[in-house]
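Beneath this line is the structure, given in structure tokens, with notes to follow.
Values in this text are rule-based calculations from the coordinates and carry no lab data. Just so it is clear, the structure is predicted and the values come from calculations on it, not from any experiment. Heads up, the Cβs are rebuilt from the backbone with ideal geometry, glycines too, and the neighbour counts pull from every protein chain shown.
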Amino acid sequence: MELTGRWLREIFSELLIEHAKADDRICYIEADLMLASGTGGFKAQFPERTLNVGVAEANMIGVAAGISTLGMIPFTHSFTPFATRRCCDQVTLSVSYAKNNVKMIGSDPGITAMLNGGTHMSMEDVAIMRNIPEMCIVEPIDGVQLASLFPQILSHDGPVYIRLLRREANPVYKEGETFKLGEAKVIFSGNDVTIVASGIMVSEAILAKNILQLEGIDAGIIDFHTIKPFDNKSLIQEVSKSGAVVTAENHSIINGLGSAVSECLSENCPVPLRRVGVKDHFGEVGMQDFLAEKYGLTAQDIVNACKEVLQMKGVKSC
């Protein structure tokens, strides 16, 4: 399977088909977005394991929860706001509280919803799912990472929320790279500042590192592809070396990756910290580059935040 230069929805669909051939427990439940998810190929091969419930996301989750009690492994899909806030009660009670094994896809996270605009642009989906006990939250960067994590998502006994970019991602990893669910990936170890990123912000973090390097600043980068359960150990190890941290997420800074990092470090390793992310704002219509500038999600925003925390090093806090 080609894992680079392709839309992630295509890779996801092929992975779903590949694993469904070997495991007849895998099924797919859709909320009338099969064209958007690119899963027509799965329906063609497994019509008896495919169900379109229509534009009824809460019902989709209830059906998936019920199917999972029969030993099946259902995958569900909708755009991020409809996969989370629209059916939060069903996810909480029918899936997580009832300990059902449902894998939930939320596609087009954050500003990647672009022209679908504010109604389809969720800046709070991680915040919603992170508050639900027993929930695992995964945000793959590219096809290589998605393919490596997919079997682990399948074998994870419990609910998983997958924050999935539908379109082509900026490739970060080379084929053959491996990842462990629940364990952050240290891409670079840095002595001056640590950048903690997820999703599309990982490639921005790499651009920021290159800019900082030209100015003699050594920045490390940690990819938190699994936002929950949170890898406290890797974070503390890296931040203990650098003494400063910047978080970067395509999400609200409220109760997302930045909050998880802040919670961990305030209790274990207090250091200067800045959060790059959406500042308590709704989405809007626009192309991704425009939205990244508007919401402060660019490599330069990460660079500026890194310089702020470097100035704070050694300064007594109030």
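For the reader, a short list of remarks on this structure follows.
- Report summary: the helix-based calculation at 222 nm, which adds -39500 (n - 2.57) for every DSSP H run with n ≥ 4 and divides by the residues of the chain, gives -11000 deg cm²/dmol.
- Gained length - Ala98 relative to Glu134, 0.36 nm times residue gap less alpha-carbon distance: 11.9 nm
- Backbone N under 12 Å from the Arg167 label point (7 Å along Cα→Cβ), restricted to region 113-155: 113-117
- Scoring 173-185, 25-37 by mean Cβ neighbours within 10 Å over their residues and listing the highest first yields 25-37, 173-185.
- Pairs exceeding a 30 Å alpha-carbon distance, out of Lys180/Lys313; Lys174/Lys241; Lys174/Lys279; Lys103/Lys185: Lys180/Lys313; Lys174/Lys279.
- If you plug the beta carbon distance of Asp280 and Lys233 into 1/(1 + (r/R0)^6) with R0 = 41 Å, you get a FRET efficiency near 0.85.
- Shown is the FRET efficiency for Ser155 and Asp218, computed with R0 = 30 Å from the Cβ-Cβ distance and rounded to the nearest 0.05: 0.20.
- Amide H contacts under 5 Å for His251, placed H, 5+ residues apart: Val278
- Here each label is just a point 7 Å from Cα along the line to Cβ, and for Lys313 and Leu70 those points are 5.9 nm apart.
- In terms of the mean number of neighbouring beta-carbon atoms within 10 Å, the peptides 268-277, 193-202, 104-113 order highest first as 193-202, 104-113, 268-277.
- When the square roots of the Cα gyration tensor eigenvalues are ordered a ≥ b ≥ c, the ratio a/c for region 1-113 is 1.5 or more and a/b does not exceed b/c, which makes its shape oblate.
- Residues Asn304 and Asn59, FRET efficiency given R0 of 51 Å [Cβ-Cβ distance, rounded to 0.05]: 0.70
- Packing, taken as the mean count of other beta carbons within 10 Å per residue, orders the peptides 246-258, 223-235 from highest to lowest as 246-258, 223-235.
- Inter-label distance, nm, simple model (7 Å from Cα along the C-beta direction), Glu2/Leu207: 2.5 nm
- Potential extension, Ser240-Asp89 segment - 0.36 nm per residue separation minus Cα distance: 50.4 nm
- Three-way shape label, region 202-299, alpha-carbon gyration tensor, a/c 1.5: oblate
- Note on Glu263 and Ser189: their simple-model spin labels are 2.8 nm apart, each label 7 Å out from Cα toward Cβ.
- Contour minus Cα-Cα distance for Ile254 and Lys294 (0.36 nm per residue): 12.6 nm
- Tensor-based shape of the chain (alpha-carbon gyration tensor, a/c under 1.5 rounded, otherwise prolate or oblate): prolate
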